[in-house]
């Protein structure tokens, strides 16, 4: 593990930043999930320097359509502009900091602060200040617009960052783009969001969720045994540990995914609860992406993926979500259904139901996962538990890149290679005092 | 056919199990309400001793990962196990329980 800079004196977490994750020994310090000072540092060095997911294009299709969401703890508003672009700005009045938008979403002509009445247009520009003539000597309203984030999008997904020196979103996603394409570009017209955004709060650190979606196929056979059994009431399902799959660790950026390529077809049953779901799935979709051209593709209810730091997708369950951090020990999960635009209405409805049954607030699989994350977090209230290292050695040393069809993968879905990539990138950000690692130039050079 | 005496019936109470070594590997003998059944003792999932498990009716649940097997047929009844274990013929002679270790087989 190479660390460029040590912790500065300003923040003084109770453990050394260079010892939090050790790639060589495959160990994680549990302090990273529980230490409040580390969390404060994460807000600065991880979240304010990375591209963060904001919304799907179809959440805000028309001019004035907006979504009030968050970039980590910072409330922001994403608004479709009249020129078709999207602006993302801090949902904070520049006068005394009240939210300038207090609803979840809709269509607006302007945003007026409910405290003293400062009013902003849909681009976040300050356009009207009550008593301006009478009581302000000279207020330059141009200087007092809402704080703007930098916005970019990839195949329907809108991201934003506070890091004006960050690489483009395309460079940031890097070689993870081809794996995102398996989901976003698997059929003509791409994807759309359906239904509302389902939101829930659970007491666990954001990294448990983000890391699991990045890397963890391993837990399935133990944690999700019950819904697998329930989906096959008459016969015993196949052995999920027999499936052949791949795991991808982004060459830089901390992104990761994993999926099965053979044997997993029966997993489709798990979300269907006995009903027949149409054939509109990955296998039936046109082979559009580079990874599909060879004829190989992920199959069944299988592809998990995290775009660093906190945006995750589970392809088979048609769910996309953000793990908004709320302190070291809590997250707000914001999840929505992601379906193929080209699917019929009946097919979209089946996908929606499948999402609700599996990965949603009341989804059977979701609750299995939440139970684990919340319980681990509770364990970490213990002083001794917080200083007892975790094992992240699974699949260490496995060669990457042996399968030309799936670049940068190891030929085993059951591994923690992507998790190690996630934490290696996280640690580089956390130890980067001046933010130089997150700048476009150094980013492109630094393989992890 | 080579039945071998394993124990007397009062050595294995109803709901209990007895592990015994044989040339065919370890075998678990179960008492299901006075009926005796024998299957391979090693769980087909996690290589653990089934005689150490919890017997409910005619199903034995492995103590490590909760895989279940029918002790009459050896068939897997619950994930994470998916492969059956062999069954062995059992005979009673008076108070003795005998197992034919040479005839371990997968039930049809």
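The values are calculated or read from the model by the stated rules, or taken from the named source; none is laboratory data. Bear in mind that the values here come from a model prediction, so they are computed numbers and not experimental data. Here the Cβ positions follow ideal geometry from the backbone for every residue, glycine too, while neighbour counts run over all protein chains shown.
Observations on the structure shown:
- Candidate set: the stretch A:81-105, residues that are in contact with a helix residue (DSSP H, G or I) (Cβ under 9 Å, 6 or more places away or on another chain) and in a strand (DSSP E or B); chosen: the one surrounded by the fewest Cβ atoms within 10 Å (Cβ to Cβ): A:105
- Residue tally, condition without any contact (Cβ under 8 Å) to a residue 24 or more places away in the chain, touching a strand residue (DSSP E or B) at 6+ places or on another chain (Cβ under 6 Å) and loosely packed, with under 15 Cβ neighbours inside 10 Å, over the stretch B:68-108: 0
- Annotation: of all residues in the stretch A:229-248 being farther than 13 Å from residue A:302 by Cα and not in a loop (DSSP other than H, G, I, E, B), the one that is farthest from the other protein chains (Cβ to nearest Cβ) is A:248.
- Qualifying residue in the stretch B:77-92 (condition: at pLDDT below 95, more than 14 Å from chain A (Cβ to nearest Cβ) and either more than 12 Å from the chain's Cα centre (by Cα) or not in a loop (DSSP other than H, G, I, E, B) (or both)): no
- Every condition in (1) under 20 Å from the mean Cα position of the chain (by Cα); (2) in a helix (DSSP H, G or I); (3) modelled with pLDDT of 90 or more is met by residue A:360 except one, and the failing one is (2).
- Residue match in the stretch B:29-42 (condition: free of Cβ contacts under 8 Å to residues at least 60 places away in the same chain, surrounded by fewer than 20 Cβ atoms within 10 Å (Cβ to Cβ), within 14 Å of chain A (Cβ to nearest Cβ) and assigned to a loop (DSSP other than H, G, I, E, B)): no
- Residue A:378 vs. criteria closer than 19 Å to residue A:23 by Cα and out of contact with any strand residue (DSSP E or B) (no Cβ under 7 Å at 6 or more places or on another chain): no
- Residue in the stretch B:59-67 that is within 11 Å of chain A (Cβ to nearest Cβ), in contact with a strand residue (DSSP E or B) (Cβ under 7 Å, 6 or more places away or on another chain), assigned to a strand (DSSP E or B) and in contact (Cβ under 8 Å) with a residue 12 or more places away in the chain present: no
- Of residues in the stretch B:45-54 being crowded, with 20+ Cβ neighbours inside 10 Å and at pLDDT 95 or above, the one farthest from the other protein chains (Cβ to nearest Cβ): B:51
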